[in-house]
Each structure stands twice: as structure tokens, then as C-alpha cells.
Amino acid sequence: MGIRGLIKAVCAGIGLATLTPIAAAQVPRDIPCNIHGAPVRTASGEPITYGRDAIAQQAQRVPPAASTPRALLGNAAGGTARWNHFAFGTGLGVGNIVVSRAGAFTEMILFGGGVSFSGGPFWMIVRHDPTTQSYQQVFVSPITASSDGLRRIRAADMLPSTGPEIVVAFDSGKIELWSQLTRTKLGEFQTSISKLTGLCLVDIDGDQDEDVLVCSASAVAAYDVTGTELWKTTAAGGNEVVAAQMDNDPALEVATTDGTVIDAATQQVEWSWANGFGFDLEAADIDNDGKAELLAAESWNDVWAFDVDTKLPKWSIPIFNTGAIYVGDVDNDNVVELIVGEAQWGSQICYDTTTRTVEWSVRNPEHGTTANAYGDVDGDNQVEVIWGAGFSSSGSDHLFVADIATQTIEWQNIHLDSPFHGPLMGDVTGDAIPEIVAASHQSDSGYSGGRILVFDSISLSRLAVSQRVGSSARVESIALVNVDQDSANEIVIGSSDPYDGTIRIFDFNGSTFTTLWTTPSSPRNRGPYRGVHVVDLDGDNRLEVIGGSTNHVFSFDYGTTTLDWQTPFSLSSDVMDIVIGDSDGDSALELHALTRNGDVYVFDGKTGQPEAILNKAKFTSIRITKTGKPLVMLGDDQGRLWLAPHDGQKYDVVGGAPIALAAVDGFTFFESIPMLTVGASDVMTVWLPPGFPVWNTASYAPINTSGSRGFGSHTIIAPAPALGITAGWYGLSGFRP
């Protein structure tokens, strides 16, 4: 039976006469470690700092963890999200942090996701929200292919169009231009630089237009905004490139961290410093002589200032261990300041570049500094210092915003670990307006439990984030159920804590999450709970709390928390999902348990006795229609859709029509439309009767080995002015195509 026949059978089964198309087990680690595997906190939580020799010895003993990507993401053609909410990810600030004003807003632009120490799989724009007094993502870019990671990001007024442009540089040398104001991609071009390391935006040829300057370890090249190569040289290279007027000739000078300074007009070497210019390089006029000096940060020992016109060092400031530097007139006193972000804990320290005295410092509560910047990012007419930290350890990663006047941290993001479970839509506040609810798998790089997220369904702003669900609970499933007959749904979470599964039920009053119910301690060793439900399964007018764990399904009495029932025998493998519904037309509920090896077990809800085992294929997902005659729908590991109608005696599994190019992670059939949305690996596809795929998304992160469902495995629909179509969350991806 083909897909048209399947959809026709489904629609006939639920009594639709017309088909109207519509518009298109990781155990938590005890102590965070640095990149060499050495602990960065004591058992009591105190920071540990190592000397240079100790770090060198650690590097020799243990291969750097950075050689293994901390996330693996893909990309494909298709529809991109109009709105999304991503986990910030790891390595915040790798590739630099940009503070740029567009229209009435000053925004922070940075990479997220964290693939390596060079860059990440996506970039985002973060803006202050005066209502919540926090910072929210206002844009997240499409996910880039893991084979061509992001490397550098800058912003400048490059084009005649309104507002600055965001310039994104890729490892392959590709350059993308985006409008910061409209958040649309304006164009791209390919440079001749491969293994790109540095990016600088500057009028390199004096024609009053900003140009793009890029470098690799062994070359530097300049391009105008159209992608025309102005020049290229192999006389310089390194980790970073800067350009400024540094001497008395008319042309700008270009400097790279390998210690080379070249003339921008002739590309000839003007000066070479044998020791190199460290790993981070800035150019600024620090002595008001009309010429910029070079400020170079070494990983250890000193930050240097060099006079290019005299070809001599100007001064140096001893720093124990440097993570990043940034220069600018921070306090608007016509004196350039140097902000040093220390590595291995430490602080953000601001120096007067004339006197080399400390003007202020803010303690860094996390390990290391990826990048730093400054600006009035919350509109209070006070300058803030911004930095990323945590990527140099295995612990949590954060973006920090601190007030310079008070030298206190005003905000830091919550570190959420993918995948996200959900989304679900329902009124959880009791105001008769539905909210969107999801939950992260864990938080703080796996050191803490998952968290619940609640969003306003109209504004799409994040309303609240719960505390961790259990100290180290890995969230595996989520449901919304009204368990107490008030005006709001409660949030049901199934998790692993970390060995014994736990189901918790939370009440949310609009700001606070309160635990109402928790599974009892016995039986133990249940493993993670997936496919959680709260329903009167056996028809005794009492609610049961149901979850699948390892190779059993358990049912607890909601009122007494006692174990009422469990499957009478071990299932073939771990339970991955549970759906409940009347699938045989006897007006009583059945429980359908999908196992990891692809079998579906059907149990009578009233008696608990087994009724059937569906194993014609290796099934990966299951749903039951709710309108008219019930029907079991099944997806399998070959990307096929099956139907399992009940003929009064048995279930007859039929179909096997292809609906995806990979295993069907999940699907949702909207009976009132009708419409079928299918999630397979990292893409969601929309099918409309009589059986045509009409639309698919771009790639939004692949399958995770935890067994969690992929992107698009569950979707929700709401009428305007709310969501439109909302696609399931997975990994770093959001929803709403």
C-alpha cells in the first residue's frame, strides 16, 4: 500500500469525507576538568589554578579533549525557522563577541553550540529584555555543516543598506554577509584562504568602503564587499590579523600573530618580531601620537604593547595566564583601556594603557575566558563588560554580563544541555491562554539535571526556567495533564536519576515550579522513564501515573503513590515510548509500549493482560488516531509508515509506504486538517492528502545516542496569532518553521 492509500485509509478510518489542503546513560561526572583532564575544582568546589609547567605536563600526559567535537550537527536545504529557541551551547565567545547597535538596540552577537576551540555550528543575536531584566535570543542562524565550521564573526557598516552588516567567516574561507537589522542573508563569497583563522573589517584600500581581511596560518588576503580579491600574500599569517595606520607612510599596516607587519599597499614586510605577537592581537592608538600600536597577548607571562613605527616594544604587563584581550575607550575618557580576561578562573581586569594601572576588575566565576567585549548592552547608560567562560573545562559554559561601575555580574545564561523534549502546548498557568512547554535533557554540561522551559505562545518569549529536575536527572519524557481538576495543566516529567527512574509532577503558577508528586522509591533499578502518562487507565475513576522503564511498564496510583501494576513479563528491550488509546474499538483503553528493538506490545488497560505484539518491522515511532474509529499508526527504521487496524479479533499490520529518507523518529497526524508531519533524523517533512510531501525544513541537528526522539518527532499547531506550525525540539534546534 502506497502513501496515498495509507493516508486515504487513515482519513476513511476517522470519518473524513473531504480532504482540504492548508497552507504550507551518561553518569554525571563528579568534578569538572580542564581540556587536559585535570580537575579545576576541589571536591568541596573551590577553584584550582595550575602553573605553566603543570599545564605543560598535563598536555603531554593526556591528549586535549578539544580534538573530539563536543557536538555534531548537520545542515541541509529546506525551510528555515522564523523563530526558534536554542540552547546557548558550549564555547560561548569562541570566534569573538561582537557588541553592535542596530536601530534602537545594542545587541551581542556570538557563536553558540561549541564544536571546537575554533568555532561553533551557529551564531546568534542576544538582546536585553527590559520586561524580564534578562537577555534573550532574538535570532539564531541556520546550523552550519560540521565539515565547515564557523571561525570568526564581526559587524560593520559594509553596504549602503540601513544598519550594520554581520560578517561571518567559515573554516573553508567562505564569507557570509547578513543584515543585523533585518536578520536576512544578503550574500556570500568564497575566498582563496582555506583553514581560515582570522578576520578583520577595514578600509584596506582607502576607497571609503569597508573591506574584508582574512588570514590563515600562512597567508593573508583582502577582498572588497563583492568578493573581488584585492590582494593576497604568503608573507604573513597566524591566528589573528589586524590592520591600522601604524607608521608614517600613507598605507595601512597589516599585522598577524606570527610577528609579521606588512604594508597594505605593497604587501611587503615592514617589520618582523621574531618572538611573534602571541595568540590574540589588537591595534589602537594608546599614546595619542596619531598612530596605532599593537597589543599582543601571550598565553603566559605578558601582554605586550609594540610601537610599529620604532619597531620596539613599548611596555609589557605581566599576566599569570591570559585567555583573551580587548581594547577600547571603555569609560569615554579619551584614554584607551585594555581588558584582560584571565584563563583558569581569575578576573576580567581593566588597565589604563598609559599608566598600566588597574582601573577595575570583575571576578570570573567560571573557568577561563573565550573572548571579552564591552558596551551598554542593557540601555541603562552604564557600560557593561561581557565575556564567555567555561569552555576550557568540562563544566558549564556561560556568557556573563557585568556592571563596570559596581563590578558585579548582572546576568549569566542558564546552561541547558540538549536534546529538548517536547514541545507541548497547554494552559499551565490557569489564565485560559495556552503556553508552550519543553524540557532540556540535562544542564551544566551534564553535571546537573534537566530543566523545564515555559514560553508565551503569542509573544514566544521565554516566561520561566525551572530549577534542575533532580540533582542530576536526565529528562527523558514530558506530558501535560490536569491532575487536580483546577484550571491549569500540570507538567509531568520522566527521568533517570541517574540509575533509578523517577516520574515527577510539577505545578507552575506563572513564576514558581512546585513538585506535587514523585514516584515511590520501590521498585528500584527501573532505569529512565519514557512515555509518561497520567490517566484513568483501568476505569476505576482513579488516576494512574504510567511510565516505561527498562523492559517494563509501571503504573502507580496517583492518590497513594503505590505501585498498582506492572507488565507481567519482561519486554524484549527497553521501553522507548508509550501511547494510550482505544485501538481495538471496545470502548476501553489499551496501553501500547514501543521497545528499543522495534517491537510494540499491546496490553488491555483494565486487566493488564497482553493482547498483541506488533513486530512486522522494526518500529521506531507510534501514534493512535483519536477521531472516529481508532487506528494505530507506526513508523519504522527504514523511513516507512504502517497502519495496524483492528478487525475485531486481531491487529493487521499493513502498508510500509516510504515517508522519510531515514528512520521515522516521530510523526504527528493532525486529523482535523488533515496533515501529517514526519520527523526523521534532523529534518521535518509535511505531507498533505492525497499523499504528497509539500514542504520540509532545513537540518536542525541529528539523532542523539540517548534514544531521544529527533527534530520534528512531535509537532503542535495553533491558530493565528499564535504559532502556526511548531516543530519538535532536538539538540540545539528550535521550532516553528
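The values are calculated or read from the model by the stated rules, or taken from the named source; none is laboratory data. The shown structure was predicted, so the numbers you read here are calculated from the model rather than taken from an experiment. Note: ideal-geometry Cβ built from the backbone for every residue, glycine included; neighbour counts use all protein chains shown. Heavy atoms of the whole protein, side chains included, go into the accessibility calculation; ligands, DNA and RNA do not. Shrake-Rupley method; radii C 1.70, N 1.55, O 1.52, S 1.80 Å.
A few comments on the model shown:
- The set of residues in segment 142-159 being under 17 Å from Glu282 (Cα atoms) and of a type in the set (A, V, I, L, M, F, W, C) consists of Ile153, Ala155, Ala156.
- Wholly within segment 177-223, strands (runs of 3 or more DSSP E) carrying at least 2 residues that are within 18 Å of Thr162 (Cα to Cα) and open to solvent by 80 Å² or more (accessible area, probe 1.4 Å): 185-190
- Every residue from segment 304-335 that is farther than 20 Å from Gln245 by Cβ and in contact with a Leu (Cβ under 7 Å, 6 or more places away or on another chain): Ile325
- Of all residues in segment 260-316, those satisfying the criterion of being basic (Lys, Arg) and in contact with an Asp or Glu (Cβ under 8 Å, 6 or more places away or on another chain) are Lys291, Lys314.
- The residue of segment 685-707 that is modelled with the lowest pLDDT, among those that are open to solvent by less than 10 Å² (accessible area, probe 1.4 Å) and of a type in the set (S, T, N, Q), is Ser699.
- Pairs, first under 10 Å from Ile317 (Cα atoms) and in a strand (DSSP E or B) in segment 344-358, second open to solvent by 30 Å² or more (accessible area, probe 1.4 Å) and not charged (D, E, K, R), C-beta under 8 Å, six or more apart: Tyr351/Thr357; Tyr351/Val358
- Qualifying residues in segment 339-366 (those that are open to solvent by less than 10 Å² (accessible area, probe 1.4 Å) and closer than 28 Å to Gly89 by Cα) - the one nearest to the chain's Cα centre (by Cα): Asn364
- Once segment 375-409 is narrowed to residues that are in contact with a strand residue (DSSP E or B) (Cβ under 7 Å, 6 or more places away or on another chain), open to solvent by 50 Å² or more (accessible area, probe 1.4 Å) and not small (Gly, Ala, Ser), the residue that is farthest from Gly323 (Cα to Cα) is Gln382.
- Any hit, segment 586-602, residues being acidic (Asp, Glu), under 25 Å from Leu424 (Cβ atoms), open to solvent by 10 Å² or more (accessible area, probe 1.4 Å) and at pLDDT 95 or above: no
- Count of residues meeting criterion [of a type in the set (Asp, Glu) and under 24 Å from Gly666 (Cα atoms)] in segment 468-496: 2
- If you go through segment 123-145 and keep only what is open to solvent by 30 Å² or more (accessible area, probe 1.4 Å), modelled with pLDDT of 85 or more and assigned to a loop (DSSP other than H, G, I, E, B), you end up with Pro130, Gln133.
- Among (1) outside any strand (DSSP E or B); (2) under 30 Å from Asp647 (Cα atoms); (3) under 28 Å from the mean Cα position of the chain (by Cα) - the single one Ser511 does not satisfy: (2)
- Only a single criterion out of (1) farther than 21 Å from Leu399 by Cβ; (2) open to solvent by 20 Å² or more (accessible area, probe 1.4 Å) is not satisfied by Phe306, namely (2).
- Subset of segment 156-176 (residues that are among the aliphatic types (A, V, I, L, M), in a loop (DSSP other than H, G, I, E, B) and surrounded by 20 or more Cβ atoms within 10 Å (Cβ to Cβ)): Met158
- Index of the failed condition, Asn301 passing every other in (1) modelled with pLDDT under 95; (2) in contact with a Phe, Trp or Tyr (Cβ under 6 Å, 6 or more places away or on another chain): (2)
- Selection within segment 494-509: residues that are at pLDDT below 95 and surrounded by fewer than 24 Cβ atoms within 10 Å (Cβ to Cβ). The member of this set that is farthest from Tyr447 (Cα to Cα) is Asn509.
- Residue selected from segment 513-560 under the condition in contact with a Gly (Cβ under 8 Å, 6 or more places away or on another chain) and among the aromatic types (Phe, Trp, Tyr), by the criterion surrounded by the most Cβ atoms within 10 Å (Cβ to Cβ): Tyr529
- Pairs meeting the criteria (first residue in segment 236-252 and under 15 Å from Gln267 (Cβ atoms) and open to solvent by 20 Å² or more (accessible area, probe 1.4 Å), second residue part of a strand (DSSP E or B) and among the small types (Gly, Ala, Ser), beta carbons under 7 Å, at least 6 apart or on different chains) are Leu252/Ala243; Leu252/Ala244.
- Scope segment 332-343; condition in contact with a strand residue (DSSP E or B) (Cβ under 7 Å, 6 or more places away or on another chain) and in a loop (DSSP other than H, G, I, E, B); matching residues: Val335, Val336, Ala343
Okay, residues lined up against (1) part of a strand (DSSP E or B); (2) closer than 24 Å to Gly598 by Cβ; (3) open to solvent by less than 30 Å² (accessible area, probe 1.4 Å); (4) in contact with a helix residue (DSSP H, G or I) (Cβ under 8 Å, 6 or more places away or on another chain):
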{"position": "Gly628", "(1), (2), (3), (4)": "no, no, no, yes"}
{"position": "Gly648", "(1), (2), (3), (4)": "no, no, no, no"}
{"position": "Ala662", "(1), (2), (3), (4)": "no, yes, no, no"}
{"position": "Thr668", "(1), (2), (3), (4)": "yes, yes, yes, no"}
{"position": "Val678", "(1), (2), (3), (4)": "yes, yes, yes, no"}
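- Residue, nearest to Asn364 (Cα to Cα), within segment 384-397, restricted to residues that are under 17 Å from the mean Cα position of the chain (by Cα) and modelled with pLDDT of 95 or more: Ala389
- For segment 410-447, filtering for residues that are small (Gly, Ala, Ser), closer than 16 Å to Thr90 by Cα and either open to solvent by 10 Å² or more (accessible area, probe 1.4 Å) or assigned to a loop (DSSP other than H, G, I, E, B) (or both) leaves 2.
- Looking across segment 92-122 at every residue that is modelled with pLDDT of 90 or more and within 12 Å of the chain's Cα centre (by Cα), the one that is farthest from Ser396 (Cα to Cα) is identified as Phe111.
- Index of the failed condition, Gln638 passing every other in (1) touching a Phe, Trp or Tyr at 6+ places or on another chain (Cβ under 9 Å); (2) open to solvent by 10 Å² or more (accessible area, probe 1.4 Å): (1)
- Those residues of segment 603-620 which are open to solvent by 70 Å² or more (accessible area, probe 1.4 Å), at pLDDT 95 or above, of a type outside the set (S, T, N, Q) and not in a strand (DSSP E or B), in sequence order: Lys616, Lys618
- Top-ranked residue in segment 448-493 [being of a type in the set (Val, Ile, Thr) and in a loop (DSSP other than H, G, I, E, B); ranked as surrounded by the fewest Cβ atoms within 10 Å (Cβ to Cβ)]: Ile458
- Residue match in segment 314-322 (condition: outside any strand (DSSP E or B), charged (D, E, K, R) and either out of contact with any Gly (no Cβ under 6 Å at 6 or more places or on another chain) or open to solvent by 20 Å² or more (accessible area, probe 1.4 Å) (or both)): no
- Whichever residue in segment 562-585 is part of a strand (DSSP E or B) and β-branched (Val, Ile, Thr) and, among such residues, is surrounded by the most Cβ atoms within 10 Å (Cβ to Cβ): Val575
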